[in-house]
Structure formats: structure tokens, C-alpha cells
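The values are calculated or read from the model by the stated rules, or taken from the named source; none is laboratory data. Here the structure is a predicted model, which means the values were calculated and not measured. We place every Cβ from the backbone using ideal geometry, glycine too, and count neighbours over all the protein chains shown.
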Amino acid sequence: MGTMLELMDKHGVPSLSVHDSLIVRTNDLGLTKEVLLKRYEAVCGIKPVLEVTWGASEQEKLAA
């Protein structure tokens, strides 16, 4: 939740949470990873491993 609030309040980046994931625009991926890593480590004291999964339309663009 803290990541979502920081993304919106400080950067104007919308996000949608789905279970243990965040859905963001492709252009906001780098910033989102940075904020999520920082927030997670601040709360848990360890660095998480993040996995990026692309939506079907993005996969098609990357394959072209």
C-alpha cells in the first residue's frame, strides 16, 4: 500500500494491486521497481526478488 501511495502522491503514477502484484504502465516500470524495493526493504529489512511479467499486448510488441 505504501508503494502505491508513494507512486501516486509523489510521482503521479497510477497502479492497481492484484494479490501480491502491482500493475503499472510500461513507462513506469523502472520507478515502480525502485519504490517497491525501497519500501519492502524498509519494512522487512531484506531485499526482495522481483519478477516482471508482461501483459499479452506488451509481449507481442517485444516479440516484433
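Evaluated against (1) surrounded by 12 or more Cβ atoms within 10 Å (Cβ to Cβ); (2) at pLDDT below 95, V13 falls short on exactly one condition, (2). One residue stands out among those in segment 16-43 that are closer than 19 Å to W54 by Cβ and of a type in the set (D, E, K, R): the one that is surrounded by the fewest Cβ atoms within 10 Å (Cβ to Cβ), which is D20.
Going through segment 22-52 one residue at a time, which ones are of a type in the set (S, T, N, Q) and free of Cβ contacts under 8 Å to residues at least 24 places away in the same chain?
Residue satisfying the conditions is N27 alone.
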